[in-house]
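Have a look at the structure below before the remarks.
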Amino acid sequence: MCFKRAAGRALLLAVLSPLLAACAPFHGRTEAYSQSFFAMDTYMTFTVYDDDAEDARAALRRAQDEIEELEALWSVTDQDSDIYAVNHSGGRSVTVRDKTAELLSFALKMARETDGALEPTLYPVLTAWGFTTDENRIPSGDQLAGLLEKTGFDRVVLEGNSVTLQDGMMLDLGAVGKGYAGDRAQQCLREQGINSALLDIGGNIQAVGTKPDGSDWKLGLRSPFGEGIFGTLQVSDKAVVTSGNYERYFIGEDGVRYGHIVDPRTGYPVDNGLASVTVIAEEGKLCDALSTALFVMGTEDAAAYWRIHQEEQPFDMILVTESREVYVTENVKDRFNLQDKYRDMSIYQIALSEKQE
């Protein structure tokens with residue numbers, strides 16, 4: 001799993017955004033208990049609400065332990081991890097742990113369903129751009145063409161817990177890993193009796209239940225056009241994940257801005273007019289996968305994908321374009337509001353039937 005670490009002020013924004021919890025303190029027996037830690041190359045803050053301090057702190061420790069266990073399994077650079085073993089197997093089969101097999105199976109499923117817009121074998125291409133390190137550069141077209149020949153989710157063989165990867169290919173489950181980790185952390189908290197919590201997983205948000213008073217959580221969506229938030233979203237018992245090339249990018253010597261989300265078809269950073277994609281669903285892993293895949297697809301294909309997949313994997317989304325247009329699916333239109341500073345942005349509803357729009 002590869003997550004590029006931000007620095008200075010950008011890191012502060014990454015911790016608070018793209019989703020910023022905006023909740024007031026609660027009074028009475030129920031108290032808030034928080035725990036912050038660094039894992040998966042990002043800062044995480046878990047806040048639980050309970051009437052027993054010992055139980056709350058035990059639940060927080062259990063959730064953090066789960067995150068750290070998953071990080072050890074999926075790290076691209078840790079020589080003891082499952083993913084490192086697969087990537088350096090020389091084409092031989094490797095037996096991985098259950099949680100790794102489960103996540104890889106999901107990643108491959110989403111890769112198929114998105115026609116490769118989500119691509120878990122893109123790590124060598126990301127490395128060529130320097131997005132996995134601090135040494136950004138613009139690779140040549142020939143270099144990218146050669147690297148793309150060593151990508152392709154359909155070339156990954158997963159049979160039970162056995163993974164076979166062709167020599168020269170590399171897996172990176174970073175596009176789904178934090179979402180899955182949020183799902184697992186939520187499960188740990190519920191098993192410990194916690195029914196109200198807010199998990200900030202490096203910008204991914206997992207809302208467990210409602211606020212203690214029964215109301216929705218109110219989240220702020222980071223503006224892709226500058227500092228602060230451009231809108232608020234009310235949710236309960238949902239995961240919310242935002243992707244965009246405004247978070248991690250570099251300016252090349254040619255004066256062009258190159259973002260970290262790469263189109264698996266071309267090997268170049270996505271440049272399709274989208275500024276950000278926010279996905280809302282019950283499962284964090286689905287939000288994580290789709291926020292990246294839909295960003296790669298672009299506005300029209302993302303809307304088409306949403307319409308097609310509402311029965312078997314329901315989700316909602318908020319798309320923001322570089323031209324300051326906002327597209328929201330009909331199920332969240334009444335839960336989303338623009339901040340005063342961004343009232344000039346146009347909002348359009350994405351309906352299940354194109355004729356309704």
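Things worth noting here:
- Selection count where residues are surrounded by 13 or more Cβ atoms within 10 Å (Cβ to Cβ) and assigned to a loop (DSSP other than H, G, I, E, B), scope segment 114-136: 13
- Filtered residues of segment 249-268 (kept if touching a residue at least 60 places away in the same chain (Cβ under 8 Å) and among the basic types (K, R)): R265
- Once segment 67-77 is narrowed to residues that are in contact with a helix residue (DSSP H, G or I) (Cβ under 6 Å, 6 or more places away or on another chain) and within 15 Å of F38 (Cβ to Cβ), the residue that is surrounded by the fewest Cβ atoms within 10 Å (Cβ to Cβ) is I67.
- Test: L104 is at pLDDT 95 or above, in contact with a helix residue (DSSP H, G or I) (Cβ under 8 Å, 6 or more places away or on another chain) and closer than 29 Å to T47 by Cα: no
- One residue from V156, V96 being modelled with pLDDT of 95 or more, touching a Leu at 6+ places or on another chain (Cβ under 7 Å) and of a type in the set (V, I, T): V156
- Residue list for segment 199-252, filter: aromatic (F, W, Y) and more than 17 Å from G174 (Cβ to Cβ): W217, F225, F230, Y246, F250
- Selection within segment 121-136 - of a type outside the set (F, W, Y) and over 17 Å from G146 (Cα atoms): T132, T133, D134, E135, N136
- Filter pass, D213 being more than 22 Å from T133 (Cα to Cα), part of a loop (DSSP other than H, G, I, E, B) and in contact with a Gly (Cβ under 6 Å, 6 or more places away or on another chain): no
- Filter result for I251 (surrounded by fewer than 18 Cβ atoms within 10 Å (Cβ to Cβ) and over 24 Å from K150 (Cα atoms)): yes
- Candidates in segment 244-268 are the residues that are part of a strand (DSSP E or B), modelled with pLDDT under 95 and of a type outside the set (K, R); of these, the one that is farthest from T114 (Cα to Cα) is I251.
- Of all residues in segment 199-216, those being crowded, with 23+ Cβ neighbours inside 10 Å and either more than 16 Å from Y33 (Cβ to Cβ) or under 14 Å from the mean Cα position of the chain (by Cα) (or both) number 8.
- Test: residue in segment 144-155 that is touching a Gly at 6+ places or on another chain (Cβ under 6 Å) and in a loop (DSSP other than H, G, I, E, B): yes
Conditions tested, residue by residue: (1) in contact (Cβ under 8 Å) with a residue 40 or more places away in the chain; (2) closer than 20 Å to I261 by Cα; (3) out of contact with any Cys (no Cβ under 9 Å at 6 or more places or on another chain).
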position: K150; (1), (2), (3): no, yes, yes
position: D172; (1), (2), (3): yes, yes, no
position: A175; (1), (2), (3): yes, yes, yes
position: G179; (1), (2), (3): yes, yes, no
position: A197; (1), (2), (3): yes, no, yes
position: G209; (1), (2), (3): no, no, yes
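- Within the option set A303, A275, A281, A293, being under 29 Å from M169 (Cα atoms) and modelled with pLDDT of 95 or more holds for one residue only, A293.
- Residue in segment 65-82 that is over 27 Å from V277 (Cβ atoms), touching a residue at least 40 places away in the same chain (Cβ under 8 Å) and among the small types (G, A, S) present: no
The values are calculated or read from the model by the stated rules, or taken from the named source; none is laboratory data. As the structure is a computational prediction, the values presented were derived from the model and not from experiment. Glycine gets a Cβ as well: all are built from the backbone with ideal geometry, and neighbour counts include every protein chain shown.
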